[in-house]
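Notes for the one structure printed next.
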């Protein structure tokens, strides 16, 4: 499967949405949709890792599919607001690597995670 940069994913989603007259939903509607998709992801994680087993009547879904749905809606939201997600990622990583650089206990050289 072909790997894509975030910029390429944003362009691909924009081309997909651009073929419809309705275009992007409003930011508030997309926030509601993102919340819905996050709920579906939470449900799947709870079924796989939590104490709530799936009902026999429930459709089988995969966590990666639910994460893909979250990513798609997040890209739609970013595109509709003209936000470059690569730039947003770089900004956040800079923040974590500066402000939060001493927040967590680092693994020493040669040490492995337990």
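The values are calculated or read from the model by the stated rules, or taken from the named source; none is laboratory data. On a predicted model such as this, the values are computed, not experimentally measured, just so you know. Cβ: placed from backbone, ideal geometry, glycine included. Neighbour counts: every protein chain shown.
Points worth noting:
- Test for residue 52: is it free of Cβ contacts under 8 Å to residues at least 24 places away in the same chain and part of a helix (DSSP H, G or I): no
- Any hit, the range 67-88, residues being loosely packed, with under 10 Cβ neighbours inside 10 Å and in a helix (DSSP H, G or I): no
- In the range 23-41, the residues that are under 13 Å from residue 76 (Cβ atoms) never reach a residue that is at pLDDT below 95 with C-beta atoms less than 6 angstrom apart, at least six apart or across chains.
- Count of residues meeting criterion [at negative phi, part of a loop (DSSP other than H, G, I, E, B) and touching a helix residue (DSSP H, G or I) at 6+ places or on another chain (Cβ under 9 Å)] in the range 22-49: 3
- Hits in the range 47-64 - residues which are surrounded by 13 or more Cβ atoms within 10 Å (Cβ to Cβ) and at pLDDT 90 or above: 63
- Condition met for residue 23 (at pLDDT 95 or above, surrounded by fewer than 14 Cβ atoms within 10 Å (Cβ to Cβ) and closer than 21 Å to residue 7 by Cα): yes
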